[in-house]
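What follows is a set of notes on a single structure, which appears directly below.
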Amino acid sequence: MNKYVVEFIGTFFLVLTIGCTVLNGGSGVIPPLAIGSALMVMIFAGGHISGGHYNPAVTLGVWLRGKCEAKDVAPYMIFQTIGAVLAAFVVNFLKAGAAVAPLQPATVPAFLAEFLFTFALVYVVLNVATARDTSGNSFYGLAIGFTVLVGAFSVGNISGGAFNPAVAAGISVMGLSSWPNIWIYLVADFAGAVGAAGAFLTLNPADREEVPRQD
């Protein structure tokens, strides 16, 4: 149960940071920097307990890679989503009265943006946090957090820069994204995770031979 609670806490603070920095018209360097930093510190805080996924797409990718037991996949995703939704309600309370304008993305560009940067995120996670050749490194949280920062800077104005189905639920609750658009994030982000896991296993055949971790 401890690892599920850690996943809840990490996702909660990630989405809380997103909401508090984006609502009221946050723009420029501050939201991406804050969001990437929040993810980084939560990964360093909880990575040794749960792996620091905080993202159902990451959980899917890590499971496909063989480093997450099947029995943990659904609980991870559930606790991540609960954390995101509760954080959204807290943001709505803290920012009551703030003007909220939901993003109206163009479907195809938004889908492609989400797919590409979720692929990049999960690919980085698998290489820095699960690969044999980088085992025990001290930079994994920084690398993962900066991947989200880069994605937010690059395509945040195209798709909203979620790269995370739980975040998609959170920003929908906050009104930053319209509920009818949530399918874009769900399909693109999970597809990106599947692609990243396939790329990792293809490019790292030695890791493919490992026995899945028993938590």
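The values are calculated or read from the model by the stated rules, or taken from the named source; none is laboratory data. Computed from a predicted structure; not experimentally measured. We place every Cβ from the backbone using ideal geometry, glycine too, and count neighbours over all the protein chains shown. In case anyone asks, the SASA skips ligands and DNA or RNA and just uses the protein heavy atoms, side chains included. Shrake-Rupley method; radii C 1.70, N 1.55, O 1.52, S 1.80 Å.
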message = Can you say whether Cys68 is in contact with a Leu (Cβ under 9 Å, 6 or more places away or on another chain) and closer than 19 Å to Gly161 by Cα, as far as the supplied structure shows?
response = no
request  = State the number of residues belonging to region 1-55 that are within 16 Å of the chain's Cα centre (by Cα) and of a type outside the set (Gly, Ala, Ser).
outcome  = 26
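Among the residues of region 87-112, write down those that are aliphatic (A, V, I, L, M), outside any helix (DSSP H, G or I) and open to solvent by 30 Å² or more (accessible area, probe 1.4 Å).
Correct list: Ala96, Ala99, Val100, Ala101, Leu103, Ala106.
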ask   = Looking only at residues in region 31-86 that are of a type in the set (Lys, Arg) and assigned to a helix (DSSP H, G or I), which one is most open to solvent (accessible area, probe 1.4 Å)?
value = Lys71
